[in-house]
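Colleague: I have a structure I would like to understand better, so I am pasting it below and will then ask my questions one at a time.
The values are calculated or read from the model by the stated rules, or taken from the named source; none is laboratory data. Because the structure is predicted, anything quoted here is derived from the model rather than measured. Note: ideal-geometry Cβ built from the backbone for every residue, glycine included; neighbour counts use all protein chains shown. Just the protein is used for accessible areas: all its heavy atoms, side chains included, with ligands, DNA and RNA removed. Shrake-Rupley method; radii C 1.70, N 1.55, O 1.52, S 1.80 Å.
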Amino acid sequence: MPTIKSPHIFLFPSPPSSTELKIITLPHPRTLVPTRYLVHPTQGLHEITKLTAPTSAPRSWLLAPPSELSSPPKWLGNGQILQDGSMYICTPMDPLFVLLPRLFPADAADAITRFLPIEDLFEEITREREEDEGWDWELVIKSQVTEKRLAAVCDSVDVGDEKAYKPSREKLMKVLGGKCVRMAKGGLPASMEEGFVQKPLTRPMTEIMAEEAEKKRAENVKELEIRSVGKGEDNNEAKKEKEGNKDAATEEAAALPTPPDSQAARPRLAEASQEVTDLLHIRVASEFISQSYLSISIAQVLSDHLQKSHDFTPLDNYLAELVKLRREATAMHSDDFTLKRSYEDDEGIIDRKRKKKEEEEAEKKKKKGVSRATKELQKVNTRGMAKLTSFFTKKAPA
């Protein structure tokens with residue numbers, strides 16, 4: 001009797017229109033490691049991501065047949081429990097990524113330099129090579145999405161009744177650059193937004209506190225100036241009173257705490273502008289796409305292309321200023337800790353000396369309070385003598 005394999009749970013972004021799904025093996029576009037993908041004739045290639053419950057909180061699946069099915073599948077029967085609680089999420093993936101290492105190889109000698117009909121181009125891309133291990137290219141090529149994506153990164157010419165294609169790096173950079181911009185504008189996932197955008201742009205706490213102190217100082221000065229306006233008095237008296245109140249406001253403002261000279265001398269670093277934030281979004285999106293789907297050579301070309309098409313100078317200057325401020329804040333914290341530690345050590349030494357002196361003085365007072373007879377008795381050798389208290393103990397009954 002053949003053994004029935006345990007099923008797996010797959011989650012699709014939308015229910016497939018048919019059951020013509022197949023899991024294939026292709027080289028990963030960046031590492032060239034054999035990787036599993038799911039392919040659909042009309043919906044194209046899907047990336048498979050496995051989600052596993054932590055070992056501290058294991059999970060399992062309970063599968064039950066729908067009530068409307070009169071005859072459930074044989075593998076399901078009346079129900080089944082899957083001990084493995086993993087879930088596989090399938091998300092649409094641009095088939096262009098898995099074809100890029102063949103379309104734009106790192107070695108210029110392997111590049112396609114002539115126009116080819118679409119069938120010949122597919123054959124050139126998928127032909128077996130020495131490093132191949134029998135990849136499943138056929139289903140990818142037959143997909144309706146693949147031809148459209150190839151045309152987007154190729155120059156084309158009309159040859160009779162059909163078109164011929166040749167890979168174009170300029171069109172490839174235009175497509176990849178557009179992907180980075182759309183990903184940045186569409187919004188990054190919450191974890192990426194927090195870890196790669198918000199955290200790098202966060203100003204040091206010393207900078208924020210200094211800015212709040214300056215705002216509070218300005219508000220206090222403004223409030224004091226408002227109080228200086230008097231009603232029901234003639235102009236001269238009002239003017240004198242206003243000048244007096246301004247002087248009082250100036251004196252009170254001078255009494256407010258001010259930041260150190262080193263910080264007061266330079267302008268405050270404001271919050272990151274929208275331009276700086278947008279540029280960082282584009283950079284994070286490009287790094288994510290490069291590290292996930294592009295070879296090292298193509299990723300470098302994309303980085304150079306973005307540097308030319310976008311001016312990252314405001315972002316680089318802002319990040320450099322943040323690094324400088326963080327270093328200053330760290331140095332100030334280190335100095336404060338050293339001074340505090342030194343002060344605590346000095347206090348400890350003084351406290352120990354004081355306690356030692358008090359103990360010596362107490363010992364001297366104790367010795368002075370002892371009489372001469374007591375001192376003489378303390379010198380007597382009492383070894384072998386019974387203690388005085390032994391004469392007052394009760395005798396045991398006979």
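Colleague: More than 14 Å from P204 (Cβ to Cβ), aromatic (F, W, Y) and modelled with pLDDT of 70 or more, is that true of F337?
Modeller: Answer is no for this residue.
Colleague: Which count do you get for residues in the range 147-180 that are surrounded by 16 or more Cβ atoms within 10 Å (Cβ to Cβ), out of contact with any helix residue (DSSP H, G or I) (no Cβ under 6 Å at 6 or more places or on another chain) and hydrophobic (A, V, I, L, M, F, W, C)?
Modeller: 4
Colleague: Do you know which of the residues in the range 292-321 that are assigned to a helix (DSSP H, G or I) and among the acidic types (D, E) is nearest to R169 (Cα to Cα)? Full working, then the answer.
Modeller: Taking the range 292-321 and keeping what is assigned to a helix (DSSP H, G or I), we get 292-293, 296-309, 313-321.
If we keep only those that are among the acidic types (D, E) as well, we get 304, 316, 321.
On the way: D304: 12, D316: 27, E321: 36 Å.
If we take residues in the range 292-321 being assigned to a helix (DSSP H, G or I) and among the acidic types (D, E), then D304 is nearest to R169 (Cα to Cα).
Colleague: Could you grab me the full set of residues in the range 109-124 that are of a type outside the set (A, V, I, L, M, F, W, C) and within 13 Å of T146 (Cα to Cα)?
Modeller: Answer for the range 109-124, where residues must be of a type outside the set (A, V, I, L, M, F, W, C) and within 13 Å of T146 (Cα to Cα): just E119.
Colleague: Which numbered condition in (1) open to solvent by less than 60 Å² (accessible area, probe 1.4 Å); (2) modelled with pLDDT under 75 is the only one that F12 fails?
Modeller: Result: F12 passes all but (2).
Colleague: Also, I was wondering about something else. Report yes if S303 is open to solvent by less than 70 Å² (accessible area, probe 1.4 Å), out of contact with any strand residue (DSSP E or B) (no Cβ under 6 Å at 6 or more places or on another chain), polar (S, T, N, Q) and modelled with pLDDT of 90 or more, otherwise no.
Modeller: yes
Conditions tested, residue by residue: (1) modelled with pLDDT of 75 or more; (2) out of contact with any strand residue (DSSP E or B) (no Cβ under 7 Å at 6 or more places or on another chain).
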| site | (1), (2) |
| --- | --- |
| K5 | no, yes |
| P16 | no, no |
| I23 | yes, no |
| Y37 | yes, no |
| H46 | yes, no |
| L51 | yes, no |
| L62 | yes, no |
| Q80 | yes, no |
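Colleague: Taking into account only those residues within the range 119-136 that are modelled with pLDDT of 85 or more and of a type outside the set (D, E), which is least open to solvent (accessible area, probe 1.4 Å)?
Modeller: Ranking the candidates gives L121 first.
Colleague: I112 fails exactly one of the following numbered conditions: (1) assigned to a loop (DSSP other than H, G, I, E, B); (2) surrounded by fewer than 15 Cβ atoms within 10 Å (Cβ to Cβ); (3) touching a strand residue (DSSP E or B) at 6+ places or on another chain (Cβ under 7 Å). What is the number of that condition?
Modeller: Checking I112 against (1) assigned to a loop (DSSP other than H, G, I, E, B); (2) surrounded by fewer than 15 Cβ atoms within 10 Å (Cβ to Cβ); (3) touching a strand residue (DSSP E or B) at 6+ places or on another chain (Cβ under 7 Å), the one that fails is (2).
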